[in-house]
Amino acid sequence: MRSLPIRIWHELQSAVATLSDEAPFRHVLAVILIWIRNNDKYLAGEPFSVYGFDRIAKIDERVIPVEYSSFEVSDLINFKNVILKRQAKDVEAIARFLRDTVEELATVEVDEQCPKCESEGMRVFIGRHNGLLAYQCNVCGYSQYSDGSRVASGGLEFASERQLREIGLI
Ligand SMILES: [Zn+2]
């Protein structure tokens with residue numbers, strides 16, 4: 001895809017511009033998800049499909065533990081700056097940034113070290129097909145189940161607050 005329709009991109013920029021720096025993070029997530037769901041026909045192909053927008057659109061945000069995520073006020077200020085600065089043609093950067101922001105808002109972070117790049121800090125997901133706890137590296141994106149086995153592409157989904165409580169992570 002060369003560009004998003006300018007009108008569609010401006011829709012998200014206007015919604016984001018109304019967010020104050022004190023906006024609850026749950027509201028920030030809602031603004032992104034509403035825009036993605038309203039415009040799914042423009043977000044069906046690449047690069048959005050590569051970044052899992054079909055999976056993101058199906059998040060049940062009512063069960064997502066946004067209050068436990070590592071997202072901070074400085075992240076919100078950065079989010080607003082980036083969205084307002086990007087242009088409709090920057091589809092690759094937009095897709096990646098929105099995917100990263102949703103993951104930051106919707107997952108908790110743990111002090112695990114990435115076995116691949118050795119960075120500290122991994123995000124918690126749940127295996128789509130096996131329900132296993134999984135970790136995804138913040139830096140390189142490598143992911144594995146808690147037993148060390150490799151995660152297949154598209155194999156993870158967002159953990160609910162209940163699942164995280166059962167595991168004892170929140
Ligand atoms: Zn890594």
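FYI, it's all coordinate maths here, none of it is from the lab. Because the structure is a prediction, the values reported are computed rather than measured. Virtual Cβ from ideal backbone geometry, glycine too; neighbours counted across all protein chains shown.
A few comments on the model shown:
Residue-wise test of (1) within 21 Å of Leu33 (Cα to Cα); (2) out of contact with any strand residue (DSSP E or B) (no Cβ under 9 Å at 6 or more places or on another chain); (3) buried (at least 19 other Cβ atoms within 10 Å of the Cβ); (4) of a type outside the set (Phe, Trp, Tyr).
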{"site": "Ala93", "(1), (2), (3), (4)": "yes, yes, no, yes"}
{"site": "Phe97", "(1), (2), (3), (4)": "yes, yes, no, no"}
{"site": "Thr101", "(1), (2), (3), (4)": "yes, yes, yes, yes"}
{"site": "Val110", "(1), (2), (3), (4)": "no, no, no, yes"}
{"site": "Cys114", "(1), (2), (3), (4)": "no, no, yes, yes"}
{"site": "Ser119", "(1), (2), (3), (4)": "no, no, no, yes"}
{"site": "Gly131", "(1), (2), (3), (4)": "no, yes, no, yes"}
{"site": "Gly141", "(1), (2), (3), (4)": "no, yes, no, yes"}
{"site": "Ala152", "(1), (2), (3), (4)": "no, yes, no, yes"}
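- Cβ-Cβ contacts under 6 Å between residues 6 or more apart (or on different chains), taken from a first residue in the range 116-137 that is without any contact (Cβ under 8 Å) to a residue 12 or more places away in the chain to a second residue that is within 16 Å of the ligand (Cβ to nearest atom) and outside any loop (DSSP other than H, G, I, E, B), are listed as Glu120/Gln113.
- Annotation: of all residues in the range 44-54 being in contact (Cβ under 8 Å) with a residue 24 or more places away in the chain and within 13 Å of Leu98 (Cα to Cα), the one that is surrounded by the most Cβ atoms within 10 Å (Cβ to Cβ) is Phe48.
- Only one of the numbered conditions (1) buried (at least 20 other Cβ atoms within 10 Å of the Cβ); (2) closer than 23 Å to His27 by Cα; (3) among the hydroxyl-bearing types (Ser, Thr, Tyr) is not met by Tyr135, and that is (2).
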